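The structure appears right after this line, and notes come after that.
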């Protein structure tokens with residue numbers, strides 16, 4: 001469950017005292033203010049819940065991605081040298097993505113990929129879909145199992161795993177957890193990537209407090225195989241020049257360009273991972289990743305998403321609340337639950353109080 005949805009759920013018990021005070025009506029102005037807070041709380045928490053778990057903005061159809069004008073095929077790389085165009089980071093509706101696994105397959109084909117990993121947050125609930133659709137689309141694209149695991153040292157992807165014991169990690173401290181993830185992945189001949197350094201550690205208010213996130217050097221020391229050097233969903237820097245240079249200087253960790261796409265139309269297209277395999281199989285792709293033989297194709301500034309989708313009629317009904325919810329969600333900077341835009345929260349509180357004062361003032365004039 002996303003942190004923002006937890007915030008919305010936690011907010012609801014705070015409404016109960018307001019309901020009681022309003023019902024008893026014994027505190028006058030204070031009671032009316034609490035009633036006002038109750039109403040505002042219902043609207044805010046409902047809007048957040050709708051934005052996160054309500055109807056999808058678009059009614060995606062597989063056919064949306066079929067037409068040539070709906071697709072983008074990356075150019076500018078040596079196609080005689082590379083025959084795999086790979087994405088190692090992608091989310092579906094099994095976590096916080098907007099697309100199903102099958103829609104994600106169509107989307108990847110349209111965006112120029114012929115191989116990708118599904119890496120939903122902290123779950124393998126997508127495994128049955130991946131196995132079924134892997135066979136269905138085997139002549140068009142390689143669909144492979146992965147997972148993104150959240151830790152207090154950063155977000156990491158495990159790619160090419162077969163199973164995962166999430167309970168085993170719960171009793172470990174932050175450093176032990178990261179070490180265990182790497183060891184368990186390598187036991188399964190899977191590979192591990194450290195994700196989106198700019199998103200996690202950049203900006204004026206880093207999502208991980210300084211000193212808590214893995215450094216690039218520490219990730220290398222722990223045995224990470226891959227490092228994201230481009231991430232379409234990164235709102236700090238879609239291309240990470242520091243990580244690119246680090247991988248050039250340290251051949252024991254390989255660069256990957258990823259999409260990390262949640263909502264397909266949100267991000268510009270800016271990076272693809274390139275490999276060469278003699279046989280177009282999952283085993284061959286995994287062998288190249290374990291050998292750290294990757295290259296990346298980067299497009300500074302990115303390319304506009306080419307596909308058009310029809311808006312979901314169900315979303316149209318709740319659109320005002322969904323947009324309001326998106327505004328409040330944006331106040332959460334990501335990472336820890338307390339990582340809020342405090343100035344933004346304070347200003348919203350001031351606006352709400354001023355609105356109450358205006359309402360009370362108008363009532364007194366009547």
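Within the chain, DSSP assigns beta bridges of which about 60% are antiparallel (rounded to the nearest 5). Taking packing as the residue-averaged number of other Cβ atoms within 10 angstrom, the listed peptides 129-136, 166-173, 193-200 run from highest to lowest as 193-200, 129-136, 166-173. Modelled spin-label separation between residue 348 and residue 283, with each label point placed 7 Å from Cα along the Cα-to-Cβ direction: 5.3 nm. Look at where the Cα atoms of region 182-236 and of region 78-117 average out, and the two centres are 20 Å apart. Taking a point 7 angstrom from the Cα of residue 66 along the C-beta vector, which residues in region 137-179 have backbone N less than 19 Å away? Once the point is set 7 Å along Cα→Cβ of residue 66, 137-141 turn out to lie under 19 Å by backbone N, inside region 137-179. Ordering 108, 276 by the number of other Cβ atoms within 10 Å of each residue's own Cβ, fewest first, gives 276, 108.
Between residue 340 and residue 59, the distance separating the two model label sites (each 7 Å from Cα on the Cα→Cβ line) works out to 3.8 nm. Between 212, 204, 46, the Gaussian network model of the chain with springs among Cα atoms under 10 angstrom shows the greatest mean-square fluctuation at 204. Each Cα pair under 8 Å and six or more residues apart adds its sequence gap; the mean of these over the residue count of the chain is a relative contact order of 20 percent.
The modelled label-to-label distance between residue 136 and residue 330, using points 7 Å beyond Cα along the C-beta direction, is 3.6 nm.
Placing R0 at 45 angstrom, the Cβ-Cβ distance between residue 183 and residue 79 gives a FRET efficiency of 0.75 after rounding to 0.05.
A short reminder: the numbers here are calculations on the coordinates, not readings from a lab. Everything numeric here is computed off the predicted structure, so don't read it as measured data. Cβ: placed from backbone, ideal geometry, glycine included. Neighbour counts: every protein chain shown.
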